[in-house]
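Student: To start, I am sharing the structure in question, which I have written as C-alpha cells.
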Amino acid sequence: MVKIGEDRAERLDIVPARFQVIVTVRPEYACRRCDAGISQAAAPHWLIEGGLPTEGTLAHAAVSKYADHLPLYRRCRICGRGGVNLDRSTLATWVAASRPAIWPRLRTGCRSRLKRSGRLFMDETRAPVLDPAAGKTKTGYLWALTRDDRGWNGGDPPAVVFTYAPGRSGSHAMDILTGFNGILQVDGHAGYDALAEPRRVGGTPLTLACCWAHARRKLHDICQKDGSEIAAEGLRRIARICKIEASIRGHAPEERLAIRQAQSAPLIADLPQVADPSAQRRSGKTIPRIVF
C-alpha cells in the first residue's frame, strides 16, 4: 500500500489540573578517614519555610482568588475533588504568606507604568473593614487608579491598581498620584480639586476631566422634581454630546478632537447661561461656581 493522502480532524481537549508531590532529597555525607563532620547541601529557599505548598501552588491560589475571583471555600472544594483536603483557614494562610513576595513588586510595577500615561481615571468606593477593638466594622475606602483606552483605539494595555485608605480626604489622592502629570478623569468629589491647584504636592497641577454622567444626574433630579425646562434643555444637550462621543469611539485622537471642537464645543460654550439665564446680569462675586 502507498499513502496517497490523509484526512485530519482537530478536537479541543482539556487536561484537568492535577496535584503532584515534589520530593527534595538532600543526602548527608561523612568522611570515614577524618573528623570533618557531616556535609549536606543547603536547603532551598521556600516562601513558607518547612511548609507544604510550592511557589507554584501559592501563585495558583493567589491567581484563583484575585484574578479569577474564586472564593477560598470553592477552591477548597476543587482541591478536594483532586484528592487533596484543605481547610479554608489553611488556604487563607497560604495566600497571606505569598503577599510579601508578590504584592510589593506587582503594586510598584503597575503603579509606575500607570503614572507614565498621559491620562488616568480615579475613583473611590466604600469598603467595610474589621474593627476588632469596637467589635464591628468601620468604613474604609478603596481608591482605584486605572487606565483603559481599548474603546478609544489606545495602544496601552488596560490596568488598575487599588489602594486602601481609611478615609475619603483628597490628601489620599494626592499621595497616590505622586509623580503623575497629565489629565485625570474624576467625578465631582471636591477632594480632587486640590490636584488642579498650584499647591499640589508631588507634581505639577493636573488637568481634571469631570464626568458628564454626574453632571447629568443633578439635572435629571431637578427635571424629575419640578419639570424644569432649563434642566430639560441641559439633558438634551448632554444627550447630543453622548451621541457624538458614540459616533467617534475608536477613531484616532486627532479626528476625535476635531469633531469635538466642531460639534460638541458649541453645545458646551453657553451651557452655564442655559442653566442660569440670569448669570450674565449678576455680579461675578455672587455667581456660583458651576462645573460642566
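The values are calculated or read from the model by the stated rules, or taken from the named source; none is laboratory data. This is a predicted model, so every value here is computed, not measured. Every residue, glycine as well, gets a Cβ built from its backbone with ideal geometry; the counts of neighbours run over all protein chains shown.
Student: Can you tell me which residue within the range 188-202, out of those that are aliphatic (A, V, I, L, M) and part of a helix (DSSP H, G or I), is surrounded by the fewest Cβ atoms within 10 Å (Cβ to Cβ)?
Tutor: 190
Student: Touching a Ser or Thr at 6+ places or on another chain (Cβ under 9 Å), without any contact (Cβ under 8 Å) to a residue 40 or more places away in the chain, closer than 30 Å to residue 256 by Cα and in the same structural domain as residue 202 (by TED's automatic domain parsing): does that describe residue 159?
Tutor: No: the conditions fail for residue 159.
Student: Then there is this: Is it the case that the range 39-61 has a residue that's touching a Lys or Arg at 6+ places or on another chain (Cβ under 8 Å), outside the structural domain of residue 161 (by TED's automatic domain parsing) and under 30 Å from residue 160 (Cα atoms)?
Tutor: yes
Student: Only residues that are more than 21 Å from the chain's Cα centre (by Cα) and assigned to a loop (DSSP other than H, G, I, E, B): list them for the range 203-220, please.
Tutor: 203, 204, 205 - these are the residues of the range 203-220 that are more than 21 Å from the chain's Cα centre (by Cα) and assigned to a loop (DSSP other than H, G, I, E, B).
Student: Here is a further query. Kindly establish whether residue 227 is free of Cβ contacts under 8 Å to residues at least 40 places away in the same chain, in contact with a Ser or Thr (Cβ under 6 Å, 6 or more places away or on another chain), more than 30 Å from residue 130 (Cα to Cα) and small (Gly, Ala, Ser).
Tutor: no
Student: When both residues are 6+ apart or on different chains and their Cβ atoms are under 8 Å apart, which pairs have a first residue that lies in the range 196-207 and is hydroxyl-bearing (Ser, Thr, Tyr), and a second that is in a helix (DSSP H, G or I)?
Tutor: Taking only residues 6 or more apart or on different chains, the pairs are 207/196.
Student: Can you tell me which residue among 225, 218, 243 is assigned by TED's automatic domain parsing to the domain that holds residue 259, surrounded by 13 or more Cβ atoms within 10 Å (Cβ to Cβ) and basic (Lys, Arg)?
Tutor: 218
Student: Please go through the range 18-48 and give me each residue that is surrounded by 10 or more Cβ atoms within 10 Å (Cβ to Cβ) and of a type outside the set (Phe, Trp, Tyr), ordered by number.
Tutor: 30, 31, 39, 40, 41, 43, 47, 48, listed by residue number.
Student: Checking residue 51 against (1) of a type outside the set (A, V, I, L, M); (2) closer than 30 Å to residue 149 by Cβ; (3) part of a loop (DSSP other than H, G, I, E, B); (4) touching a residue at least 40 places away in the same chain (Cβ under 8 Å): exactly one of these is not met. Which one?
Tutor: Condition not satisfied by residue 51: (2).
Student: Let me ask something additional. Could you tell me which of the residues 83, 56, 5, 51 is surrounded by 11 or more Cβ atoms within 10 Å (Cβ to Cβ) and not hydroxyl-bearing (Ser, Thr, Tyr)?
Tutor: When all the criteria are applied, what remains is 51.
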